[in-house]
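The structure under discussion appears below in the form of structure tokens.
The values are calculated or read from the model by the stated rules, or taken from the named source; none is laboratory data. These numbers were taken from a predicted model, which means no experiment stands behind them. Using ideal geometry, Cβ is built from the backbone for each residue, glycine included, and neighbour counts are taken over all protein chains shown. These accessible areas exclude ligands, DNA and RNA; they are computed on the full protein's heavy atoms, side chains included. Shrake-Rupley method; radii C 1.70, N 1.55, O 1.52, S 1.80 Å.
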Amino acid sequence: MLVEIKGTLKVIFTEEKISDKMSKKEIVVTIGADTEYPQDIICEAVNKKIDLLDGYSMGENVVVKCDLRGRESKGRYYNKFSIVDISKK
């Protein structure tokens, strides 16, 4: 499921090498900054998608398109926002 997140780029983490074939880089986007309860959403770029984050700085307004993924493991449920595209707002 494709999800669009519009907000302010709060954090850009450094690239993390998971294995010989996989690397990831995470960002945090704050949504609803002008509301009483803003939310920080973490999104990750994997392998070739990491290059999409080049040229962005913290504090910029962005639109992030993500593939929303969910899974179950040992009775617990997890969600992940995997970056498909990013642009300046």
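Can you work out which of the residues in segment 67-87 that are of a type in the set (D, E, K, R) and within 20 Å of Met22 (Cα to Cα) is most open to solvent (accessible area, probe 1.4 Å)?
Arg71
Are there any pairs with C-beta distances below 9 angstrom linking a residue in segment 20-41 that is at positive phi to a residue that is hydroxyl-bearing (Ser, Thr, Tyr) and assigned to a loop (DSSP other than H, G, I, E, B), with the two at least 6 apart or on different chains, and if so which?
Note: no pairs meet the criteria.
Could you please find all residues in segment 23-37 being over 19 Å from Asn79 (Cα atoms), open to solvent by 40 Å² or more (accessible area, probe 1.4 Å) and not hydroxyl-bearing (Ser, Thr, Tyr)?
Selection gives Ala33, Asp34, Glu36.
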